[in-house]
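Trainee: This is the structure I have questions about; it appears just below.
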């Protein structure tokens, strides 16, 4: 009984130390990579499905070939693209 409590305390301490080290070492880098990925995905959607917005960049044949992969993201992409932006959004 006592041994299980001690191991539980050590596991919790280990998780806390892991969280602290993650926050100190790589949290900012992970956030930057996720933001870069988001921008690249938006660019990909604009290039492939720009016809929806009146910006034909890629021929429709290739857009239709890529459409099955883009369908789950279309609604979210359109919402973020048409969202009203403010200059303070850059600092968030």
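Since every read-out is calculated from the coordinates, none of them should be taken as a lab result. These numbers come from a predicted model, not from an experiment. Note: ideal-geometry Cβ built from the backbone for every residue, glycine included; neighbour counts use all protein chains shown.
Trainee: Hey, can you rank 24-34, 42-52 by average C-beta count inside 10 Å, highest first?
Mentor: Result, highest mean Cβ count within 10 Å first: 42-52, 24-34.
Trainee: What is the helix-to-structure angle for 2-25, meaning the angle in degrees between its Cα long axis and the longest Cα principal axis of the chain, kept from 0 to 90 and rounded to the nearest 10?
Mentor: Taking the Cα atoms of the chain, the angle to 2-25 is about 40 degrees.
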